[in-house]
1. Among the numbered criteria (1) under 21 Å from GLY39 (Cα atoms); (2) surrounded by 14 or more Cβ atoms within 10 Å (Cβ to Cβ); (3) touching a Gly at 6+ places or on another chain (Cβ under 9 Å), which one does HIS90 miss?
2. Looking only at segment 87-102, decide whether some residue is more than 26 Å from GLY132 (Cβ to Cβ) and among the basic types (Lys, Arg).
3. Among the residues of segment 10-28, which ones are buried (at least 18 other Cβ atoms within 10 Å of the Cβ) and either under 19 Å from LEU83 (Cα atoms) or at pLDDT 75 or above (or both)?
4. Return the only residue of ALA51, ALA65, ALA38 being closer than 25 Å to GLY1 by Cα, at pLDDT below 85 and assigned to a helix (DSSP H, G or I).
5. Go through segment 87-119 and count every residue that is closer than 16 Å to ALA50 by Cα, touching a residue at least 24 places away in the same chain (Cβ under 8 Å) and in a helix (DSSP H, G or I).
6. Of all residues in segment 75-134, which are of a type in the set (Ser, Thr, Tyr) and over 24 Å from GLU58 (Cα atoms)?
Amino acid sequence: GRLVWAHWALANGNAGEVAREFVGWASLAEQDANVAYAGEVLLIAAEADAAMYRLTGESAYRERAIQHVTQLLQRGNRNGRALLTYARIHAADPSPDLDLLQRAIQDLRSLPGCVREADIEALEARVAARSGRS
């Protein structure tokens, strides 16, 4: 139901709609005992908020996305999508923490097959551009 719709909506550029829908749902999921379900809800909410932060630059989206990813990581859900979302949030910052991004890239590389190589390469290119390397 909702999870399938959210994946479809994110893939089709409707991050704003997902972010609005998942605001309350994510806070409920933080207390949910079903770790897999709660993790997926939090991850979708984080991905939607991160996408909205990249589009709008509004710090409220950034803070909410970081909160969701932090909840995931604290629950032991250290998967590639969570790490990639976390890195994308920080990469969109006006003055990103390049050391943090380098560590995130290393972590992503240590989880082969969890995220697309193109996503990691795009992140590396952004870090290189921000640090003055090409």
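1. (3)
2. Looking for residues that are more than 26 Å from GLY132 (Cβ to Cβ) and among the basic types (Lys, Arg), one finds none in segment 87-102, hence no.
3. ALA15, VAL18, ALA19, GLU21, ALA26
4. ALA38
5. Looking only at that region, the number is 6.
6. SER110, SER134 - these are the residues of segment 75-134 that are of a type in the set (Ser, Thr, Tyr) and over 24 Å from GLU58 (Cα atoms).
The values are calculated or read from the model by the stated rules, or taken from the named source; none is laboratory data. Since the model is a prediction, treat every value here as computed from it, not as a measurement. Heads up, the Cβs are rebuilt from the backbone with ideal geometry, glycines too, and the neighbour counts pull from every protein chain shown.
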